[in-house]
Amino acid sequence: APFVGATVVPDFSFDHIGGQEHAKRELKEALEFLRHPEQAQRYGIRPIKGILLYGPPGTGKTLLAKAAAAYTDSVFVAASGSDFIQMYVGVGAQRVRELFRQVRVLAKTHRKTSGIIFIDEIDAIGGKREGGLNREYDQTLNQLLTEMDGLKADENPRILVIAATNRLDMLDPALLRPGRFDRHIAVPLPDRRAREAILRLHTRNKPLADDVDLAQLAKDTFGFSGAQLESVANEAAIYALREGSATITRAHFAKAVDKVMMGEVLDREASR
Ligand code: ATP
């Protein structure tokens, strides 16, 4: 089956991501070799094959990978590590091969010179091995390592793999060796200013009442991820719509914050 996340160059820029200034800067710097490969070659710099984004859920890792593809005019194929966990031995490895084949075909078809493969939840394939070896799991991981080891600087398209995980310390060291995922970029929870920026982005196209103070709302949402802030904006709009209110008020936002916070508590209870 084709992977769901295959797109030609995504229409998404770093400006649509709130905060994460440090991650954006590091990522852009790493992407220079895709934009100007001749420079890296002139200096004899080993091209980057893999970048690992790590941080809590919902902080914008997927968004960063998409923006990276747009920034480098690359075709983009996304998969999740859990897609590779199969009941039958060999299917996971086959899917990895398919993923790399797919990005090459997509690039050729659209005449792009580079492609980005994004693998969310890389820990599902590349988590540390515990005790007894799981053959299926090893084959999938080995296939990924083989594909990455085989990437060439002068190949057309040039391929970069971006992976995301919540837990850097849970990854198999084989993945982190030089020439594999050797660039690690932290994607942390947003601070107050970043929360405000994210709230601004997600309320841009919404009718806000005059009493809404996004700077204050950013203070009141300590510990929220970008995904939770997006939910707050969305839930507040839903409350306003249900009440038939023409604008979204401070009270709607307050209820939305409670709801998202409560959802978080319920999720935690459920996972106990
Ligand atoms: P996961 O680890 O759960 O896969 P993630 O870090 O990949 O999460 P994203 O999928 O990038 O998170 O973010 C989910 C949604 O949350 C985005 O579609 C967006 O609406 C919102 N979001 C998260 N972070 C940001 C941000 N920094 N700026 C704007 N929106 C954000």
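Name the single residue, out of those in the range 167-185 being surrounded by 14 or more Cβ atoms within 10 Å (Cβ to Cβ) and within 13 Å of the ligand (Cβ to nearest atom), that is modelled with the highest pLDDT. For the range 167-185, the residue satisfying everything is 185. Against the conditions (1) open to solvent by 10 Å² or more (accessible area, probe 1.4 Å); (2) more than 29 Å from residue 21 (Cβ to Cβ); (3) within 16 Å of the ligand (Cβ to nearest atom), residue 101 satisfies every one except (3).
With respect to the stated conditions, residue 78 is assigned to a strand (DSSP E or B) and touching a Gly at 6+ places or on another chain (Cβ under 6 Å). Listed here are the helices (runs of 4 or more DSSP H) enclosed by the range 186-272 that have at least 2 residues being within 30 Å of residue 28 (Cβ to Cβ), touching a helix residue (DSSP H, G or I) at 6+ places or on another chain (Cβ under 9 Å) and without any contact (Cβ under 8 Å) to a residue 60 or more places away in the chain: 192-203, 214-220, 226-243. Report yes if residue 162 is part of a helix (DSSP H, G or I), touching a residue at least 12 places away in the same chain (Cβ under 8 Å) and of a type outside the set (Asp, Glu), otherwise no. It is false that residue 162 is part of a helix (DSSP H, G or I), touching a residue at least 12 places away in the same chain (Cβ under 8 Å) and of a type outside the set (Asp, Glu). The test for being open to solvent by 50 Å² or more (accessible area, probe 1.4 Å) and under 19 Å from residue 55 (Cα atoms) holds for residue 188. Does residue 233 satisfy the criteria of being within 12 Å of the ligand (Cβ to nearest atom), within 26 Å of the chain's Cα centre (by Cα) and surrounded by fewer than 18 Cβ atoms within 10 Å (Cβ to Cβ)? Answer is no for this residue. Selection of the range 154-166 for residues being surrounded by 14 or more Cβ atoms within 10 Å (Cβ to Cβ), away from the ligand (no atom under 16 Å from the Cβ) and not β-branched (Val, Ile, Thr) yields 157, 158, 160. Of everything in the range 32-66 that is open to solvent by less than 30 Å² (accessible area, probe 1.4 Å) and near the ligand (Cβ under 10 Å from one of its atoms), the residue that is nearest to the chain's Cα centre (by Cα) is 61.
The values are calculated or read from the model by the stated rules, or taken from the named source; none is laboratory data. Everything numeric in this text was worked out from a predicted model, so none of it was measured. Cβ: placed from backbone, ideal geometry, glycine included. Neighbour counts: every protein chain shown. Surface areas here come from the heavy atoms of the whole protein model, side chains and all, with no ligands, DNA or RNA. Shrake-Rupley method; radii C 1.70, N 1.55, O 1.52, S 1.80 Å.
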